[in-house]
Amino acid sequence: MLGDFNAIRKMDERRGRLKIEVGGTEMNEFNNFIQNMEPEDAPLVRRRFTWYKPNSHCKNRLDRYLVSKEWLEKWLGSITFVSKRSVPDHCPLVLKKFQC
């Protein structure tokens, strides 16, 4: 699955907003969804955040690839490459096989 999930998994995936604004329910529901479906986050490289509020210091990791454990085993070394932001607020993601 690839998508803009509009939720973070943990506090360090958000910068520039007060902690009180994060809302534990949203984060807990997203983590419960991931736990129930059992996907893995393809490792993120190059940038830590995928969404930036225009003209602000707010940034989040909202976009991600969620893949099965079997998929990651078959495609060892797969990473989520975060490109430069080319649209108003999101950075494009590319799922790549890491080459040593």
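The values are calculated or read from the model by the stated rules, or taken from the named source; none is laboratory data. Every value quoted in this text rests on a predicted model; they were computed, and no experiment measured them. Glycine gets a Cβ as well: all are built from the backbone with ideal geometry, and neighbour counts include every protein chain shown. The accessibility values were calculated without ligands, DNA or RNA, using every heavy atom of the protein model including side chains. Shrake-Rupley method; radii C 1.70, N 1.55, O 1.52, S 1.80 Å.
Kindly provide the set of residues from region 28-45 that are in a loop (DSSP other than H, G, I, E, B), surrounded by fewer than 15 Cβ atoms within 10 Å (Cβ to Cβ) and under 15 Å from the mean Cα position of the chain (by Cα), ordered by number.
Within region 28-45, just PRO43 meets the criteria.
Whether any residue in region 4-11 is surrounded by 10 or more Cβ atoms within 10 Å (Cβ to Cβ), out of contact with any helix residue (DSSP H, G or I) (no Cβ under 9 Å at 6 or more places or on another chain) and not acidic (Asp, Glu) is what I want to check.
Looking for residues that are surrounded by 10 or more Cβ atoms within 10 Å (Cβ to Cβ), out of contact with any helix residue (DSSP H, G or I) (no Cβ under 9 Å at 6 or more places or on another chain) and not acidic (Asp, Glu), one finds none in region 4-11, hence no.
Being of a type outside the set (A, V, I, L, M, F, W, C), buried (at least 16 other Cβ atoms within 10 Å of the Cβ) and outside any loop (DSSP other than H, G, I, E, B) is the filter here; which residues of region 70-89 pass it?
Hits for region 70-89 are SER78, THR80.
For a quick check of your reading of the model, give me the residue pairs whose first member lies in region 63-75 and is farther than 16 Å from PHE30 by Cβ, whose second is not in a loop (DSSP other than H, G, I, E, B), with beta-carbon atoms closer than 7 Å and at least 6 apart or on different chains.
If the second residue must be not in a loop (DSSP other than H, G, I, E, B), the pairs left are VAL67/GLU40; LYS69/GLU40; LEU72/GLU40; LEU72/SER78; TRP75/LYS97.
Go through SER68, SER56 for me and flag whichever is among the hydroxyl-bearing types (Ser, Thr, Tyr) and either within 19 Å of LYS84 (Cβ to Cβ) or touching a His at 6+ places or on another chain (Cβ under 6 Å) (or both).
SER56
Among the residues in region 46-69, are any open to solvent by 60 Å² or more (accessible area, probe 1.4 Å) and part of a helix (DSSP H, G or I)?
Within region 46-69 (the criterion being open to solvent by 60 Å² or more (accessible area, probe 1.4 Å) and part of a helix (DSSP H, G or I)), the answer is yes, since at least one residue qualifies.
When you look at ASP89, is it within 10 Å of the chain's Cα centre (by Cα), modelled with pLDDT under 95 and charged (D, E, K, R), yes or no?
Answer is no for this residue.
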